[in-house]
Amino acid sequence: MSAEPPADRAAHLRAELHRYEHLYYVLDRPEISDADYDKLMRELTELERAHPELVTPDSPTRRVGGAPREGFMQVRHSTAMLSLDNALDEAELREFDRRVADLLKGEPYQYCAELKLDGLSMSVRYRDSRFAQAVTRGDGETGEDVTENARTIRSLPLVIREGSSDFEVRGEVVMSNKAFQELNADQEAKGLQRYANPRNSAAGSLRVLDPSITAARKLDFYAYFLLVDGQPARDGHWDSLEELAAMGFKVNPERARCASVEELFAWTKKYEGQRDTLPYEIDGVVAKVDSIPQQKRLGWTSKAPRWAIAFKYPARQAETVLENIEVQVGRTGVLTPVAHLRPVTVSGVTVSRATLHNEDEIERLELAIGDTVVLERSGDVIPKVVRVERRGDPRTPFHMPKVCPVCGGAVVRAEGEVASRCIDSDCPARLKETIRHFASRGVMDIDGMGSTLVDQLVDKGMVKNVADVYALKVEELAALDRMGQKSAERILRGIEASRARPLPRVLNGLGIPFVGERTAQLLAEEFGSLDALMAADEDKLQKAQEVGPRVSSAIRAFFAAPRSQELVERLRAAGLVFTHDKPKREGSPLQGMTIVVTGTLPTLSREEAEALIESAGGKAGDSVSRKTSFLVAGEKAGSKLDKAQKLGIPVIDETELRRIATEGPAHVA
Ligand code: IVH
C-alpha cells in the first residue's frame with residue numbers, strides 16, 4: 001500500500017484507470033497489461049470499500065453496474081432527436097444534393113460523410129465535465145433514462161479530458177460482430193434464445209433493468225454530435241468530431257470530407273464493398289453538410305434536417321421458400337436442423353442453407369416445410385431465418401427424429417437443454433466431425449486432411465479415434481481412392497508436422513464438450529500440462545478463468561472415461577505436446593502493439609501469425625488505422641497495404657515479424 005492519504009491515492013488511481021480505459025477501449029492502444037490494470041482496479045475497489053466516503057459517481061469501479069430497477073424514467077430531450085431522410089440510390093442522393101445546392105443559392109459547401117452504424121442512438125449529458133445522464137432516443141421527443149446501464153460502456157468516458165464542461169453528446173450504441181457472435185454462442189450454451197442481429201442485441205443489452213447485464217455485454221459508443229445548450233458547438237461538423245475525439249470520446253475514424261456529390265457517392269460505394277470486412281454492422285452512410293451556419297440556413301422539415309441524408313444500403317434480407325429440413329449430427333452428438341432453401345441472393349451471396357439451431361427455435365418461428373421465410377445476413381457469415389413471411393400450402397411440420405439419422409442410435413434431450421444429442425460415441429457422423437475438427441487449420445492443422453479424406457478414413461474403418469491418425473501408413477493412404485504416392489506422402493508429412501502443435505490446440509482437438517479454442521488456451525495457461533489438468537478436481541478446475549460448474553464437470557467426465565485415458569496415452573506415445581509454458585505478459589516483446597496481418601505469408605498461416613503476435617504480448621488487429629503499429633504483408637496484399645502506406649505505418653514481412661516477436665520492435669528501422 002502507499003503512504004499517500006487515501007483521498008489522494010483514490011483520486012490518483014481513478015485518473016490512472018480513466019487514462020488506461022481510454023487507451024484500451026477508445027484508442028485500441030493499451031499501454032499496460034490486463035493484469036496490471038486489474039491490480040490498480042482492485043486497489044481502488046479496496047480503498048473505496050475501506051473508505052466509502054471516497055466513492056464518486058465517476059469512479060471506474062462503478063462500471064460494473066448497480067442494483068436492478070423496476071422501470072426506466074422518461075426524460076425529455078433538450079432538442080428533439082429526429083431521424084434522417086433516406087436516399088436509396090444514386091439518383092435520390094443527387095436529388096438531395098440538388099436541393100442543398102438550390103437552397104444555398106450557389107454558395108460552395110462540402111459534406112462530412114460518416115458510416116451509418118446499425119445500433120441505437122443515445123444522448124449523453126455531462127455536467128461539470130462528468131458523465132451525468134444517458135437517455136435513449138425513444139420517440140425522438142422523450143426517451144428512457146438508461147444512465148446506470150450506459151455507465152458500464154467502457155468506451156464512454158466518465159470524466160472529460162479537456163474542452164467544455166456542460167454539454168451533450170449524441171451517438172450510436174453498437175455491439176461489434178465479434179461480441180454479438182460470442183453473446184449468441186453463450187446464449188445458446190445456456191439454452192437461451194439467440195439474438196437476430198447485433199442491433200437487436202445492442203438494444204436488448206442497453207434496455208435491461210439490471211445494469212450488471214449491460215456491463216457483461218461489451219457495448220460500444222460512437223459519438224457523432226456535440227451539443228452545448230442544445231446547439232452545435234463548433235462552426236463545422238468535422239471540427240466537432242475532432243473535438244469529441246480530443247475530449248476522449250470514441251469517434252469513428254472512417255469518415256471523409258467530400259467536396260462534391262460525386263465524391264460522396266464514390267465514398268458510399270467504397271464502404272458498401274467493404275461492408276463484410278468491418279468489425280461492426282453498417283446499414284449505410286450518413287452525409288451532413290459540414291458548415292453549421294449553412295446547416296442553420298437549410299433548417300429542418302418536421303421530420304428531419306434538410307442538411308443531412310442517410311444513404312441506405314440494401315437490407316441484407318431476402319425471401320425464399322423452405323424446401324426441406326435436414327438434421328446433421330455434430331462432433332458432440334448435437335443434432336442440428338439445417339434449412340434447405342430455394343437458392344436466393346442476399347447482398348451478393350447466394351444462400352441455399354441456413355442453420356435453424358434447435359427444436360425450440362423452429363417452434364418459436366412456427367416454421368414448417370413449404371413456408372416462405374425471411375433470411376438475414378447480419379453480423380455473422382451464417383444467414384438466419386428471422387421469420388415466416390407466408391405459410392406454405394401444403395406445409396409439413398418438423399419433428400426432431402427420435403433416433404440418430406446417421407447411426408440409428410438413441411437421441412436424448414436432457415432436462416433443461418435445448419439440444420438433442422446422439423449419445424452413441426461411435427456414431428460415424430460424430431467421429432467424422434471429431435476428426436475434421438482435430439485436423440482443421442485452427443486446431444492441429446494437418447495439411448491435406450480434408451473432408452473427403454476423413455469420410456474415407458472413417459467409412460473404411462481406418463480411423464476410429466484421433467490417435468489412429470498417428471498410426472496411418474503411407475501404403476494405406478496411397479491405396480485410397482483418388483490418391484497417389486505423392487499425395488499420401490504429403491499427408492503423412494502434414495500428420496508429422498502436427499505433432500509439434502502447442503497444448504492448447506491439442507486440448508481443443510480432443511473434443512471435450514464446451515472446451516473450444518479460448519477455454520483450451522486458458523486451461524493450458526492455468527495448469528501448464530495435460531497431466532495436471534487431468535489430475536485436477538472440479539474445485540481446482542473452477543479456479544481457471546471462465547470455467548464454471550458446467551465446463552468443469554464436462555472435463556471431469558471426459559477424463560474419467562477409460563477410453564479417453566487410453567486415447568491420451570496413445571497421443572502421448574505419438575509424441576504430441578503435453579506441456580505449456582505460461583506466457584510472459586509483462587515486458588513481452590510486443591506489449592501494447594497492434595499488428596495487422598494481410599496477404600499470404602511464405603510459411604505462416606494467418607492464424608499462426610496472429611497467434612505468434614499474441615503470444616509475444618501484442619494484439620492482432622483486423623483493420624489498419626492510425627493506431628496500427630505494424631502491418632505484416634505477404635503476397636497479394638491489397639487495400640490494407642495501400643492504407644498502411646498512406647498512413648505511414650511500417651510494413652514488415654514474415655521474417656521481420658518473427659524477429660520482433662522475440663526481440664521486440666527496436667530492430668525495425
Ligand atoms: S445523425 C438528426 N450520424 O441513423 C440527425 N445518425 O436515420 C440524426 N446513425 O437515429 C442522426 N450512424 O441512430 C447520424 N454517423 C451517424 C449515424 C447515425 C448511425 C443512426 C441513428 C439515427 C439514424 C438516422
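Take the residues in region 110-143 that are within 15 Å of the ligand (Cβ to nearest atom) and among the acidic types (D, E); name whichever of them is surrounded by the fewest Cβ atoms within 10 Å (Cβ to Cβ).
Only one residue fits best here, namely D139.
Kindly establish whether V159 is closer than 13 Å to V124 by Cα, touching a residue at least 60 places away in the same chain (Cβ under 8 Å) and within 15 Å of the ligand (Cβ to nearest atom). Full working, then the answer.
Details: closer than 13 Å to V124 by Cα: yes; touching a residue at least 60 places away in the same chain (Cβ under 8 Å): yes; within 15 Å of the ligand (Cβ to nearest atom): no.
Judged against the criteria, V159 is not a match.
Taking the stated definitions as given, is L264 outside any strand (DSSP E or B), in contact with a Cys (Cβ under 6 Å, 6 or more places away or on another chain), surrounded by 22 or more Cβ atoms within 10 Å (Cβ to Cβ) and aliphatic (A, V, I, L, M)? Can you show your working first?
Values: outside any strand (DSSP E or B): yes; in contact with a Cys (Cβ under 6 Å, 6 or more places away or on another chain): yes; surrounded by 22 or more Cβ atoms within 10 Å (Cβ to Cβ): yes; aliphatic (A, V, I, L, M): yes.
Taking the combined requirement at face value, the residue satisfies it.
Among the strands (runs of 3 or more DSSP E) contained in region 142-247, which hold 1 or more residues that are modelled with pLDDT of 90 or more and hydroxyl-bearing (S, T, Y)?
The strands (runs of 3 or more DSSP E) meeting that bar are 142-144, 219-228.
Restricting attention to region 242-266, report how many residues are under 23 Å from K640 (Cβ atoms) and polar (S, T, N, Q).
Summing the residues that are under 23 Å from K640 (Cβ atoms) and polar (S, T, N, Q) in region 242-266 gives 1.
Does region 471-480 hold any residues that are farther than 15 Å from A574 by Cβ and surrounded by fewer than 16 Cβ atoms within 10 Å (Cβ to Cβ), and which are they?
V474, E475, E476, A479
Please work out if L241 is of a type in the set (A, V, I, L, M, F, W, C), within 26 Å of Y25 (Cα to Cα) and under 30 Å from the mean Cα position of the chain (by Cα).
yes
Report, by residue number, each residue of region 60-87 that is surrounded by fewer than 18 Cβ atoms within 10 Å (Cβ to Cβ) and within 13 Å of the ligand (Cβ to nearest atom).
Residues satisfying the conditions are T79, A80, L82, S83, D85, N86.
Has region 168-175 got at least one residue that is buried (at least 19 other Cβ atoms within 10 Å of the Cβ) and small (G, A, S)?
Yes; the residues of region 168-175 include at least one that is buried (at least 19 other Cβ atoms within 10 Å of the Cβ) and small (G, A, S).
Hey, can you tell me all the residues within region 270-294 that are part of a strand (DSSP E or B) and under 15 Å from A256 (Cβ atoms)?
I282, G284, V285, V286, A287, K288, V289, listed by residue number.
Matching residues to (1) under 22 Å from D445 (Cβ atoms); (2) surrounded by fewer than 20 Cβ atoms within 10 Å (Cβ to Cβ); (3) out of contact with any Pro (no Cβ under 7 Å at 6 or more places or on another chain):
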position: R482; (1), (2), (3): no, yes, yes
position: R499; (1), (2), (3): yes, yes, yes
position: G509; (1), (2), (3): yes, no, yes
position: L533; (1), (2), (3): yes, no, yes
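Please go through region 206-229 and pick out each residue that is among the charged types (D, E, K, R), within 16 Å of the ligand (Cβ to nearest atom) and crowded, with 16+ Cβ neighbours inside 10 Å.
Within region 206-229, D220 is the sole residue that qualifies.
Scan region 297-309 and give yes if some residue there is under 31 Å from the mean Cα position of the chain (by Cα), within 16 Å of the ligand (Cβ to nearest atom) and within 15 Å of L93 (Cβ to Cβ), otherwise no.
Yes, because at least one residue in region 297-309 is under 31 Å from the mean Cα position of the chain (by Cα), within 16 Å of the ligand (Cβ to nearest atom) and within 15 Å of L93 (Cβ to Cβ).
Quick one: would you say D34 is in contact with a helix residue (DSSP H, G or I) (Cβ under 7 Å, 6 or more places away or on another chain) and either within 16 Å of the ligand (Cβ to nearest atom) or more than 25 Å from P5 (Cα to Cα) (or both)?
Criteria not met by D34.
Could you please tell me which pairs satisfy a Cβ distance under 6 Å, a separation of 6+ or placement on different chains, a first residue in region 248-262 that is touching a residue at least 40 places away in the same chain (Cβ under 8 Å) and closer than 20 Å to K116 by Cβ, and a second residue that is within 12 Å of the ligand (Cβ to nearest atom) and small (G, A, S)?
F249/A223; A256/A113; C258/A113
Tell me, please, whether a residue that is assigned to a loop (DSSP other than H, G, I, E, B), touching a residue at least 12 places away in the same chain (Cβ under 8 Å), in contact with a Lys or Arg (Cβ under 7 Å, 6 or more places away or on another chain) and surrounded by fewer than 20 Cβ atoms within 10 Å (Cβ to Cβ) can be found in region 370-386.
Yes, because at least one residue in region 370-386 is assigned to a loop (DSSP other than H, G, I, E, B), touching a residue at least 12 places away in the same chain (Cβ under 8 Å), in contact with a Lys or Arg (Cβ under 7 Å, 6 or more places away or on another chain) and surrounded by fewer than 20 Cβ atoms within 10 Å (Cβ to Cβ).
When you scan region 521-580, how many residues do you find that are closer than 18 Å to P504 by Cβ, polar (S, T, N, Q) and within 27 Å of the chain's Cα centre (by Cα)?
Going through region 521-580 one residue at a time, the tally reaches 3.
For region 91-106, enumerate the residues that are charged (D, E, K, R) and touching a strand residue (DSSP E or B) at 6+ places or on another chain (Cβ under 9 Å).
The answer is E92, R94, E95, D97.
Residues in region 269-279: is at least one polar (S, T, N, Q), farther than 30 Å from G409 by Cβ and more than 11 Å from the ligand (Cβ to nearest atom)?
The initial filter retains those residues of region 269-279 that are polar (S, T, N, Q), namely 274, 277.
Now restrict to residues that are farther than 30 Å from G409 by Cβ: 274, 277.
With more than 11 Å from the ligand (Cβ to nearest atom) added as a condition, the list becomes 274, 277.
The answer is yes; a qualifying residue exists.
Can you run down the residue pairs with Cβ atoms below 7 Å, 6 or more apart or on separate chains, where the first is in region 76-98 and over 14 Å from G284 (Cα atoms) and the partner is aliphatic (A, V, I, L, M) and away from the ligand (no atom under 14 Å from the Cβ)?
From region 76-98, the pairs are R94/V261; D97/V261.
Could you say whether any residue in region 220-242 is touching a strand residue (DSSP E or B) at 6+ places or on another chain (Cβ under 8 Å) and under 30 Å from V547 (Cβ atoms)? So that I can check it myself, show each step before the final result.
Step one: filter region 220-242 for residues touching a strand residue (DSSP E or B) at 6+ places or on another chain (Cβ under 8 Å), giving 220-228, 230, 232-238, 240-241.
The next check asks that each one be under 30 Å from V547 (Cβ atoms); those that pass are 220.
The answer is yes; a qualifying residue exists.
May I ask you to verify whether A520 is buried (at least 18 other Cβ atoms within 10 Å of the Cβ), out of contact with any strand residue (DSSP E or B) (no Cβ under 6 Å at 6 or more places or on another chain) and either more than 26 Å from R421 (Cα to Cα) or touching a residue at least 12 places away in the same chain (Cβ under 8 Å) (or both)?
The answer is yes for A520.
Is it true that some residue in region 169-179 is in contact (Cβ under 8 Å) with a residue 40 or more places away in the chain, over 24 Å from L115 (Cα atoms) and of a type outside the set (G, A, S)?
No, that holds for no residue.
Across region 622-662, which residue is nearest to R505 (Cα to Cα) among those that are assigned to a strand (DSSP E or B) and in contact with a helix residue (DSSP H, G or I) (Cβ under 9 Å, 6 or more places away or on another chain)?
Looking at residues that are assigned to a strand (DSSP E or B) and in contact with a helix residue (DSSP H, G or I) (Cβ under 9 Å, 6 or more places away or on another chain), I get V632.
Between a first residue in region 448-469 that is without any contact (Cβ under 8 Å) to a residue 40 or more places away in the chain and a second residue that is hydroxyl-bearing (S, T, Y), which pairs have beta carbons less than 9 Å apart while being 6 or more apart in sequence or on different chains?
Here the result reads V469/S498, each pair linking region 448-469 to a residue that is hydroxyl-bearing (S, T, Y).
The values are calculated or read from the model by the stated rules, or taken from the named source; none is laboratory data. The model shown is predicted, which means the values in this text are computed figures rather than measured ones. Cβ sites come from the backbone with ideal geometry, for glycine too, and all protein chains shown count toward neighbours.
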